[in-house]
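**Q** Quick one: the structure is below, and I'll ask about it shortly.
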Amino acid sequence: MPAKKITTNAAYKLANNFNDLFTLATENNPEVLYGLQYESGWTTDDSPGMVSHPQGLGGWGFHEPIQDLVDEFEAGDPRLAYSIFRPGDIVDLGAKGQVVFSQTDTRITGYAFRKYSNFTADGDMNQSLNAAWLRSADVFLLVAEAKIRSNKMAMPN
């Protein structure tokens with residue numbers, strides 16, 4: 001099974017922290033099997049940050065999470081804070097200081113995606129964050145689903 005080349009190889013281990021997938025310092029961690037590489041200044045028109053970055057914080061804000069998505073996170077799930085800005089969240093804008101995220105920073109829903117929103121040291125929108133298109137986590141889930149559908153135990157190996 002070709003998936004075993006991923007699921008049994010420590011070189012493709014999952015990120016230590018979910019937020020590592022959306023932080024500049026750790027964007028090319030071993031979990032990312034295929035990612036679009038971005039660098040501010042030459043791919044700024046195509047960066048996922050531009051369209052999902054909150055409008056009130058310098059982006060276009062075209063992609064906003066809705067209440068149903070926010071409600072899908074279980075209580076205490078740390079991925080919510082890594083994934084979504086909610087009213088009252090503190091946003092560190094570097095040299096511009098910290099601001100409190102507000103519903104007025106969004107276009108419609110009151111929420112914004114945090115996971116592709118990064119800021120430069122000057123506090124401007126940073127469009128250098130790569131977009132992970134295929135991760136080891138995706139392969140683990142595909143293998144588990146295939147095993148379930150074929151009436152086999154859903155183990156990663």
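The values are calculated or read from the model by the stated rules, or taken from the named source; none is laboratory data. What you see is a predicted model, and the numbers here were worked out from it, not measured in a lab. Counting neighbours? That spans all protein chains shown, and the Cβs are built from the backbone with ideal geometry, glycine included. Ligands, DNA and RNA are excluded from the accessible area calculation, which covers all protein heavy atoms including side chains. Shrake-Rupley method; radii C 1.70, N 1.55, O 1.52, S 1.80 Å.
**Q** Under 30 Å from residue 140 (Cβ atoms) and either modelled with pLDDT under 90 or part of a helix (DSSP H, G or I) (or both), is that true of residue 34?
**A** Answer is no for this residue.
**Q** Are any residues in segment 112-137 part of a helix (DSSP H, G or I) and within 30 Å of residue 58 (Cβ to Cβ), and if so, which ones?
**A** Result: 137, single match.
**Q** Now for a separate question. Would segment 52-64 turn up any residue that is open to solvent by 80 Å² or more (accessible area, probe 1.4 Å), assigned to a loop (DSSP other than H, G, I, E, B), in contact (Cβ under 8 Å) with a residue 40 or more places away in the chain and not basic (Lys, Arg)?
**A** Yes, because at least one residue in segment 52-64 is open to solvent by 80 Å² or more (accessible area, probe 1.4 Å), assigned to a loop (DSSP other than H, G, I, E, B), in contact (Cβ under 8 Å) with a residue 40 or more places away in the chain and not basic (Lys, Arg).
**Q** For segment 132-157, enumerate the residues that are crowded, with 18+ Cβ neighbours inside 10 Å and either in contact with a Gly (Cβ under 9 Å, 6 or more places away or on another chain) or β-branched (Val, Ile, Thr) (or both).
**A** Passing the criteria: 132, 135, 139, 143.
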